[in-house]
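What follows draws every value from the coordinates through simple rules; no lab data is involved. Since the model is a prediction, treat every value here as computed from it, not as a measurement. Here Cβ is always computed from backbone atoms with ideal geometry, including for glycine, and neighbour counts include all displayed protein chains.
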Amino acid sequence: MTPPTLHRRFLEALPGDTETTTTPREVLGALWSRVQPTAVAAPELLAWSQPLAADLGLSDELMVDTETARVLGGNSLWPGMDPYAANYGGHQFGHWAGQLGDGRAIGLGELKRPDGELAELQLKGAGPTAYSRRGDGRAVLRSSIREFLCSEAMHALGVPTTRALSLVQTGDQVVRDMFYDGNAQEEPGAIVCRVAPSFLRFGNYQLLTARSDTSLLKKLADFTLEHWFPEFAGKGKEGYSAWLTEVAARTARLMAHWQAIGFVHGVLNTDNMSILGLTIDYGPYGWTDNFDLGWTPNTTDAQQHRYAFGDQPSIGLWNIARLGESLLPLFDGDETCIEAAATHYQKVYSETATKRFADKLGITFDADKDDGQLLQDLFDWLGKEETDMTLFFRSLAKVVVDDEPTSMPGTTQSSFYGTPTTTHLDTGIQWLQRWWQRTRQEADKPDAIATALDSTNPKFVLRNWLAQNAIDAAHKGDLSVLQRLLEVMWRPFDEQSEHDDLAQKRPEWARNKPGCSALSCSS
Ligand code: AMP
Ligand code: MG
């Protein structure tokens, strides 16, 4: 089996740290520090993404080779791999935190895909780096399963995201105090191999400006433009400004995507914001079961609710403003470049979210038909009494092909968590009637609308309790739950009736169970 040879453009083009120890330190004037993954006791491949491996040109045979498990577990390297940790900073929960960096992620280099594109591989949980501060550089199995599954589920939903190639159990134990309450416990360790065109974050640029290192900022920006935004390269201030505006647009579209499927990231710090507009760093994320704009899965954010579901779009904008400030030296201090990007963000968010939600209703948005009000009334109604967001939207394809509803249709009824009040039911039926009437003004026939609805409103999303079931089984050595979930999530819009049990609303036992409703950053 011939392993691929990796490239290392980031290391070749940009300055690195001269030290290679893992002693925690401030790293100045450098964008990365060379570091070897720390070998683990017994790397074992628990799961891998076949579709991603195929995209990367990695054969099934190579993926299941024991030597590959050693590489994906950090015990061996493929040719050309030159492992490093990236240096970046970030705003955490609204406050500038200074240097952070890859404390437990190690970049391995870039793989050339059959289509000629380069994809970077990165191990998460492969041991300490110069940026680990007081952390151990490791990740536990539960959080690795969550990142692995969700990366692939999001991709299948059409959401821009970093991918996950593999999930390797290390054979080592990792100590975590899951709820920061003094109950530290040993848990199995694991490593996910993440894949993305680039893992650059807003915080990579921010750190340089915070240190007044304009020359390195320019180098990093030029490197970014050359490889991922070539249309803006070599154009000076105008190009940098257009780039920020493009990052704003991508971020706005990403937020609109999340809102439309009920995904809550949980930790939208600027070090967790991808410069390419990808979903990155799956930690205490969650899916809102009942449509609740105020909900956050992250216990660390339980007081502030800074990163609650409904606030993600405005946080995206806040983060773009912080990125813009860090790029000011490239704009010759011209703040109107930030204002332009912010204005564009709002326009793109509003247009994209409107389009996404109109698609979820099977209508072509038309302000003259009062569609804005139709959407607003739905949001008001959905949030009033506990209603499952995914099930509600999925039910519309069934309702649209039926006669105009005169009572609450059975499929829609099943999206309620409790027994709805009569008032709530009446308002819901009136809304459904308005919506049903509105679909009759579309050029498409109800059958065609239903097909479009089913390809927009997923049947399967990675509900927190589903991931938790896969984790509980894996802890007992049973990987079948994880494998089944992975394969079902690859086709979230398909009926797959044999897997109806994975398309159920949150069961009562999961309402307050750790891992299902409350997740901490301890991972
Ligand atoms: P996160 O909130 O997971 O994005 O992490 C924020 C920062 O903490 C990043 O710089 C991470 O690399 C670092 N970090 C998180 N967990 C660990 C760990 N177990 N060991 C070392 N660094 C960590
Ligand atoms: Mg992070």
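Going from the fewest other Cβ atoms within 10 Å to the most, the residues Ile363, Ile261, Ile106, Ile429 appear in the order Ile429, Ile363, Ile261, Ile106.
This ranking places His475, His499 by how few other beta-carbon atoms lie within 10 Å of each, fewest first, which gives His475, His499.
Applying both filters, DSSP loop and at most 15 other Cβ atoms within 10 Å, to the chymotrypsin sites (Phe, Trp or Tyr not before Pro) of the stretch 116-219 gives Phe179, Tyr180.
What is the magnitude of the charge dipole of the stretch 6-198 about its Cα centre, with +1 placed on the Cβ of each Lys and Arg, -1 on the Cβ of each Asp and Glu, and no other charges, expressed in debye to the nearest 20?
Details: 17 positive and 24 negative charges, 81 e Å.
Rounded to the nearest 20 debye, it is 400 debye.
In a DSSP loop and with at most 12 other Cβ atoms within 10 Å, the GluC sites (Glu not before Pro) in the stretch 88-183 are Glu117.
Dipole check for the stretch 166-253: with +1 at the C-beta of Lys and Arg, -1 at the C-beta of Asp and Glu, and the Cα centre as origin, the magnitude is about 480 Debye.
To the nearest ten degrees, helix 336-361 and the longest principal axis of the Cα atoms of the chain are 40 degrees apart. Per residue of the chain, the DSSP helices (runs of n ≥ 4 H) give a summed -39500 (n - 2.57) that works out to -12500 deg cm²/dmol at 222 nm. Ranked by how many other Cβ atoms sit within 10 Å of their own Cβ, fewest first, the residues Asp115, Asp472 fall in the order Asp115, Asp472. Summarised in one figure, the compactness ratio Rg/Rh of the stretch 200-296, Cα atoms and Kirkwood Rh, is 1.05. As an equivalent ellipsoid, the stretch 464-510 spans semi-axes of 18, 14, 8 angstrom, where each value is the square root of five times an eigenvalue of the C-alpha gyration tensor, largest first. Start at zero, step by 10 Å, and the Cα-Cα distances of the stretch 240-308 spread as 20, 49, 25, 6, 0 percent across the bins.
Reported to two decimal places, what Rg/Rh ratio describes the stretch 6-198 when computed on Cα atoms with Rh from the Kirkwood expression?
On the way: Rg = 16.4 Å, Rh = 17.2 Å.
We get a ratio of 0.96 for the stretch 6-198.
Hull volume per residue, based on the alpha-carbon atoms of the stretch 234-376 and their convex hull, is 128 Å³. The lysines whose alpha-carbon is closer than 27 Å to the alpha-carbon of Lys360, local same-chain residues fewer than 8 away aside, are Lys347, Lys369, Lys384, Lys398, Lys445, Lys459, Lys505.
For the stretch 357-404, the alpha carbon positions stretch 30, 26, 18 Å along the principal axes, listed from largest to smallest. Restricting the trypsin sites (Lys or Arg not before Pro) of the stretch 453-518 to loop positions (DSSP other than H, G, I, E, B) with no more than 10 neighbouring Cβ atoms within 10 Å leaves Lys476. Helix 371-384 and the longest principal axis of the C-alpha atoms of the chain enclose an angle of approximately 80°.
Using the Cα centre as the reference, give the magnitude of the dipole from point charges on the C-beta atoms of the chain (Lys, Arg: +1; Asp, Glu: -1; all else neutral), rounded to the nearest 20 debye.
820
Normalised by the number of residues in the chain, the average gap of Cα pairs under 8 Å and 6 or more apart makes the relative contact order 14 percent.
Any chance you could list the semi-axes, whole Å, largest first, of the equivalent ellipsoid that the Cα gyration tensor gives for the chain, using √(5λ)? The partial results should precede the final answer.
Working: eigenvalues 298, 160, 89 Å².
Sorted largest first and rounded, they come to 39, 28, 21 Å.
Let me know the whole percent of all Cα-Cα pairs from the stretch 364-454 that are separated by more than 19 Å. Mind dumping the intermediate values first?
Details: 1526 of 4095 pairs.
Summing the P(r) tail past 19 Å for the stretch 364-454 gives 37 percent.
Give the angle, between 0 and 90 degrees and rounded to the nearest 10, that separates the Cα long axis of helix 422-439 from the longest principal axis of the Cα atoms of the chain. The angle comes out near 80 degrees.
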